[in-house]
Amino acid sequence: MTGQIVRMPNIRKVDPVNTRDKLRQELLFAFHIVDMLGHPSGMGSHLTARLPGADTFFFHIHNFGFGEVTPAHIHEADFELNCLSGKGIDINPTLHIHTRIYKARPDVTCILHTHATHVSALSAIGENITVITQGGARLHNECVLFDEDDGVALGKQPGEAMAKALMNKSCMVLKNHGLLTAASTIPAAVILADTMEKEAEMILLARAAGTLSPPSNEGSRRTKSYLFNDKMFGRGWTYLLRQLAMQKPQVMQM
């Protein structure tokens, strides 16, 4: 059998020069990919993105799950959480977590927070993620454990504390809460969150069977250098787009 191998699914065409439309489309796909990966979203998770260096960001209307998001649910806000693209739009008041990280980290263009099941379970015993697999080596020296207070993160102070704790890293385990990723691209933020959840699951499974035996620091460092780059995030993202196209083809044409 002959024929060209399809690497990218058929998606709605956007003007390649229109960076805002491209970002909105990629963010739409990200919402549905995170939902497809099984991260609970409900009304407590959030995913935002911005153009490089911008002091505004795109978010989805509060109280909608990730799997429900359409282009009409995606709006733009400033760093004071004022919606700039419509009136009466309900914005999640905890998004100052994002504004403070964006303000502190010009390199970050996407932030994702979910209550991923296994990361939440690991966080409930006060533990950070330990790299125990090759795939998890993306997280080598990349995860911070943040012991936040017991309440909802309202106002700017909690976000400022998270930004300070995150420093220049990309991943955070929120104690008794879930995960957060902050990355230079949407694909990186999503894939890092998926890696965190998968590694947390493996940790809990391995610990139930015996004592953890992590790979060497040098081995994890070398594997991370292979996996933690735009080329590999791009490959992983293309795979996830193909999976989304098979499961929810209508999303690709929104």
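Of all residues being in contact (Cβ under 8 Å) with a residue 12 or more places away in the chain and part of a loop (DSSP other than H, G, I, E, B) in segment 206-230, which is nearest to the chain's Cα centre (by Cα)? Just the residue, please. Taking the candidates together, the pick is PHE228. The residues on offer are TYR239, TYR226, and the sole one that is closer than 24 Å to LEU28 by Cβ and exposed (fewer than 14 other Cβ atoms within 10 Å of the Cβ) is TYR239.
Output yes when any residue across segment 185-199 is of a type in the set (Gly, Ala, Ser) and surrounded by fewer than 17 Cβ atoms within 10 Å (Cβ to Cβ), and no when none is. No.
This table checks each residue for (1) of a type in the set (A, V, I, L, M, F, W, C); (2) modelled with pLDDT of 95 or more; (3) closer than 30 Å to LEU81 by Cβ.
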site	(1), (2), (3)
THR99	no, yes, yes
ASP107	no, yes, yes
HIS113	no, yes, yes
ILE132	yes, yes, no
GLU142	no, yes, yes
ASP149	no, no, yes
LYS164	no, yes, yes
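With the structure loaded, tell me whether GLU76 is among the charged types (D, E, K, R), part of a loop (DSSP other than H, G, I, E, B) and on the phi < 0 side of the Ramachandran plot or whether it fails that test. Give the derivation first.
On the way: among the charged types (D, E, K, R): yes; part of a loop (DSSP other than H, G, I, E, B): no; on the phi < 0 side of the Ramachandran plot: yes.
For GLU76, the condition - among the charged types (D, E, K, R), part of a loop (DSSP other than H, G, I, E, B) and on the phi < 0 side of the Ramachandran plot - is not met.
In the set LEU51, LEU28, only one residue is part of a helix (DSSP H, G or I), in contact (Cβ under 8 Å) with a residue 40 or more places away in the chain, closer than 20 Å to LEU192 by Cα and in contact with a Ser or Thr (Cβ under 8 Å, 6 or more places away or on another chain); that residue is LEU28. Return a yes/no flag: does segment 26-34 have any residue that is buried (at least 16 other Cβ atoms within 10 Å of the Cβ) and over 16 Å from the mean Cα position of the chain (by Cα). Looking through segment 26-34, none of the residues is buried (at least 16 other Cβ atoms within 10 Å of the Cβ) and over 16 Å from the mean Cα position of the chain (by Cα).
The values are calculated or read from the model by the stated rules, or taken from the named source; none is laboratory data. The model shown is predicted, which means the values in this text are computed figures rather than measured ones. A quick note on method: Cβ atoms are made from the backbone with ideal geometry, for glycine too, and the neighbour counts reach across all protein chains shown.
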